[in-house]
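Presented below is the structure to which this report refers.
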Amino acid sequence: MTTHTVGYLIGSLAKGSINRKLAKALVRLAPPELQMSEISFRDLPLYNYDYDADFPPEVRAFKKAIASVEGVLFVTPEYNRSIPGGLKNAIDWASRPYGKNSFTRKPSAVIGTSPGAIGTAVAQQSLRSVLSFCNSPQMNAPEAYIQFTPGLITDDGEVTVKSTEDFLRNYMAEFRLFIARVLQVLPKDA
Ligand code: FNR
């Protein structure tokens with residue numbers, strides 16, 4: 001079966017991030033046809049368009065990493081009912097300079113976890129709006145709002161609740177199918 005490359009961005013920079021745990025679980029549960037790699041935005045400076053004429057090397061490497069993958073997965077917390085500033089900064093970099101938006105035609109999916117009952121739903125809506133503007137075809141369903149309870153996912157990404165594990169495995173299987181469908185009509189680098 002055809003394999004696809006997926007880069008994932010974790011919205012949190014915190015050491016003990018529950019979204020990093022979720023990302024680890026998703027890597028474990030992804031079908032073997034998905035090659036998963038993290039794309040870090042930790043070292044990016046704050047964007048402003050004065051950089052557009054000459055992007056710093058770390059930003060060029062970041063954009064290259066996005067260009068090299070066939071799909072992008074966002075695993076994000078909700079901060080103040082939106083996405084963390086660091087993630088928005090990274091997306092702003094990737095979307096520029098004008099005409100060189102890294103997300104255009106790039107299939108994406110959004111998922112996140114928080115201790116609260118709505119499990120990052122509001123942040124995800126906000127992110128979806130940004131990705132729409134960036135012309136990224138997004139997987140609409142299944143949606144995934146994961147309420148994090150203590151011990152739900154171990155530091156190594158093992159999911160301790162069977163129904164959640166099944167749900168996340170199916171989510172990644174659906175993402176593989178979505179990427180394949182999008183690439184059929186919008187081949188990468190076409
Ligand atoms: C939060 N948290 C939070 N949770 C939520 O469900 N909705 C929200 O709007 C917010 N807002 C918010 C703002 C800021 C600045 C912080 C630091 C936290 C709580 C948040 O879900 C919790 O800290 C998670 O652990 C964050 O995910 P990571 O960073 O551990 O992956």
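Probe of 1.4 angstrom, ligands and nucleic acids ignored: what's the accessible area per residue over the stretch 58-151, in square angstrom? Write down the numbers at each step before the final one.
On the way: 4060 Å² over 94 residues.
So the stretch 58-151 comes to 43 Å² accessible per residue, rounded to a whole number.
For the full complex of protein chains and a 1.4 angstrom probe, list M36, M172, M1 by accessible area with the highest value first.
So, going from the largest accessible area down, we get M1, M36, M172.
Return the carbon/sulfur percentage of the accessible area of the chain, one whole number, probe 1.4 Å, all protein chains in place.
53 percent
Where does the longest stretch of the chain lie that holds no GluC sites (Glu not before Pro) found in a DSSP loop with 16 or fewer other Cβ atoms within 10 Å? Walk me through the numbers on the way to the answer.
On the way: sites that count: E33, E143, E158.
The longest uninterrupted stretch comes out as 34-142.
Among the listed pairs K15/K162; K15/K106; K63/K106; K15/K188; K88/K162; K63/K188, which have their C-alpha atoms separated by more than 24 angstrom in this model?
From K15/K162; K15/K106; K63/K106; K15/K188; K88/K162; K63/K188, over 24 Å: K15/K162; K15/K106; K15/K188; K88/K162.
Find the relative contact order for the chain and round it to a whole percent, using C-alpha pairs within less than 8 Å whose residues are 6+ positions apart.
27 percent
In the stretch 14-48, which trypsin sites (Lys or Arg not before Pro) are in a loop and have at most 12 other Cβ atoms within 10 Å, using DSSP for the loop call?
Details: sites: K15, R20, K21, K24, R28, R42; in loops: K15, R42.
Counting only loop positions with at most 12 other Cβ atoms within 10 Å, the trypsin sites (Lys or Arg not before Pro) in the stretch 14-48 are K15, R42.
Within the stretch 70-163, which trypsin sites (Lys or Arg not before Pro) sit in a loop by DSSP and count at most 13 neighbouring Cβ atoms inside 10 Å?
Numbers: sites: R81, K88, K100, R105, R128, K162; in loops: R81, K100, R105.
When the trypsin sites (Lys or Arg not before Pro) of the stretch 70-163 are filtered for loop state and at most 13 Cβ neighbours within 10 Å, R81, K100 remain.
Can you give me the Cα centroid spacing of the stretch 2-63 and the stretch 117-190 in angstrom?
That distance is 14 Å.
So in the chain, what percent of DSSP beta bridges are antiparallel if you round to the nearest 5?
That works out to approximately 10 percent antiparallel.
If a helix is a whole DSSP H run, which ones in the chain reach 30 Å or further along their own axis (Cα) and hold a mean Kyte-Doolittle hydropathy of at least -0.5?
Those that pass (Cα extent of 30 Å or more, hydropathy at least -0.5) are 162-185.
Loop-only check: which chymotrypsin sites (Phe, Trp or Tyr not before Pro) in the stretch 31-124 are DSSP coil with at most 15 other Cβ within 10 angstrom?
Y98
Restricting to DSSP H runs of at least four residues, report the calculated mean residue ellipticity at 222 nm for the chain, -39500 (n - 2.57) per run over all residues, nearest 500 deg cm²/dmol.
-12000 deg cm²/dmol
The values are calculated or read from the model by the stated rules, or taken from the named source; none is laboratory data. Please read all numbers here as calculations on a predicted model, not as lab measurements. Methodologically, a virtual Cβ is constructed for each residue, glycine included, from the backbone with ideal geometry; neighbour enumeration extends over all protein chains shown. The protein model used for the area step is the full one, side chains on, heavy atoms only, and it has no ligands, DNA or RNA in it. Shrake-Rupley method; radii C 1.70, N 1.55, O 1.52, S 1.80 Å.
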